[in-house]
1. For GLY329, which sequence-distant residues (separation of 5 or more, or a different chain) have an amide H within less than 5 Å of its own amide H, given hydrogens modelled in the peptide plane?
2. Send over a whole-number figure in Å² for the accessible area per residue of the range 29-128, probe 1.4 Å.
3. Only Cα pairs within less than 10 Å get springs; with that Gaussian network setup on the chain, which residue of ASP94, ASP332, ASP49 has the largest fluctuation?
4. Rounded to two decimals, what ratio of Rg to Rh does the chain give with C-alpha atoms and a Kirkwood Rh?
5. What does the highest-first list of 19-25, 185-191 look like by mean Cβ count within 10 Å?
6. Would you mind giving the average projected area, over all directions, of the Cα convex hull of the range 61-123 in nm² with one decimal?
7. Can you give me the relative contact order of the range 175-331 as a percent, contacts being Cα pairs under 8 Å and 6 or more apart?
8. Taking the dipole about the Cα centre of the chain, with the C-beta of Lys and Arg at +1 and of Asp and Glu at -1, give me whichever of ILE243, SER335, LEU218 is farthest to the positive side.
Amino acid sequence: MKKRKSSLPDQDYRYLFENASDAIWVQDLDGRILYANRAAERLTGYDQDELLDQDVGKFLPDAHSHDIAREVRRRLLAGEDFHQPYEQRIVRRDGSLAIWRMASSLVITEGEVTGFQHIARDVTAERQLQDNMRFYVQEVIRAQEDERKRVARELHDEVSPSLLLLIQRIDAISSNSRLKLSEVMKQKMEDLRVQTVEALESTRRIAQDLRPRILDDLGLIAALEWMADNLIKKHGIEAKVIIVGREQALSSEVQLLLFRIAQEALNNVRKHSDASQVEITVTFGEEKTVVSIADNGKGFSVPLRISDLAAGGKLGLAGMQERAQLIGGHVDLKSDPGHGAVVTVEVPNQGNRCEMPTPSQELERRLRS
């Protein structure tokens with residue numbers, strides 16, 4: 001182990017420090033590296049001797065990275081809690097960029113803060129894989145939605161008019177006195193008309209379920225209100241939409257994913273909950289948008305992780321989480337047998353609004369990621 005001033009006090013700690021698989025280094029309050037282990041050498045590309053006395057600022061490639069470092073320092077010195085580990089962009093000796101997942105803490109000597117200790121792991125490959133997988137899933141979902149939209153348009157523009165024309169021809173035949181239809185034939189024509197009307201209504205309903213035009217034309221709130229009206233009219237479930245805060249201009253992709261999550265939640269309410277009341281609440285905040293669906297149904301036991309629902313066959317609930325993660329959000333599920341259920345999805349506004357995030361919003365996002 002290389003050192004600058006004095007040896008680390010404990011022999012066992014020294015061994016763990018030097019042989020840890022994660023990079024560990026200690027810096028003073030001025031940002032100068034005092035100690036660094038071999039893993040730090042591997043991650044940075046610098047020899048341990050070269051790392052000593054280096055200013056940690058030289059490893060930060062851009063203004064955002066410096067902002068994160070300053071904010072971490074400020075919060076640690078102020079005793080404020082913040083999410084750890086956090087992610088930081090680092091430039092290696094060869095000029096390549098890496099993403100480190102880091103945890104930082106104060107070094108306190110004789111009651112005084114003398115520096116900071118950092119533990120870091122290179123997650124560049126992991127993040128690239130996640131980004132690639134996220135991109136792949138996004139493309140799959142986008143393709144699914146495009147196909148839904150295409151099928152819905154064909155049902156609306158081609159199948160529905162044909163069924164409507166068939167109904168008109170049936171009416172024309174039934175009302176034509178010159179044909180002298182028997183009562184039996186008239187009844188059969190009426191039965192045929194009823195079946196065709198039902199087919200037309202089913203076609204329109206399927207087209208709406210596949211891709212409600214109201215979502216594209218009027219946006220998320222109108223689409224949620226449309227679903228609430230359907231619950232009331234078709235299933236006798238009292239439903240209402242509550243808006244809290246000033247509505248944000250969310251991107252079309254985010255509105256679509258939030259709609260799909262709400263649609264899945266309401267389908268579960270309709271099929272499984274035996275609920276008589278549902279409240280859909282949309283809360284627009286400065287930093288996040290929250291959509292919650294609460295019912296007064298029979299409820300159920302919630303597993304520790306939503307991802308565990310897939311193993312139990314509840315793929316719809318697990319799919320909500322997957323969709324939320326695509327837009328940087330997450331889904332929370334609360335329920336107890338006999339006490340209804342609440343599905344809540346939270347998504348950050350930064351990056352999901354129809355605007356670019358401010359530098360302070362980007363800093364806060366990266367500290368929370």
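The values are calculated or read from the model by the stated rules, or taken from the named source; none is laboratory data. Everything numeric here is computed off the predicted structure, so don't read it as measured data. Neighbour counts are summed over all protein chains in view; Cβ atoms, including those assigned to glycine, are modelled from backbone coordinates with ideal geometry. In case anyone asks, the SASA skips ligands and DNA or RNA and just uses the protein heavy atoms, side chains included. Shrake-Rupley method; radii C 1.70, N 1.55, O 1.52, S 1.80 Å.
1. none
2. Accessible area per residue: 52 Å².
3. ASP94
4. That ratio is 1.18, to two decimals.
5. Peptide ranking by packing, descending: 19-25, 185-191.
6. 4.8
7. Dividing the mean separation by the residue count of the range 175-331 yields 17 percent.
8. Positive-end residue among those listed: LEU218.
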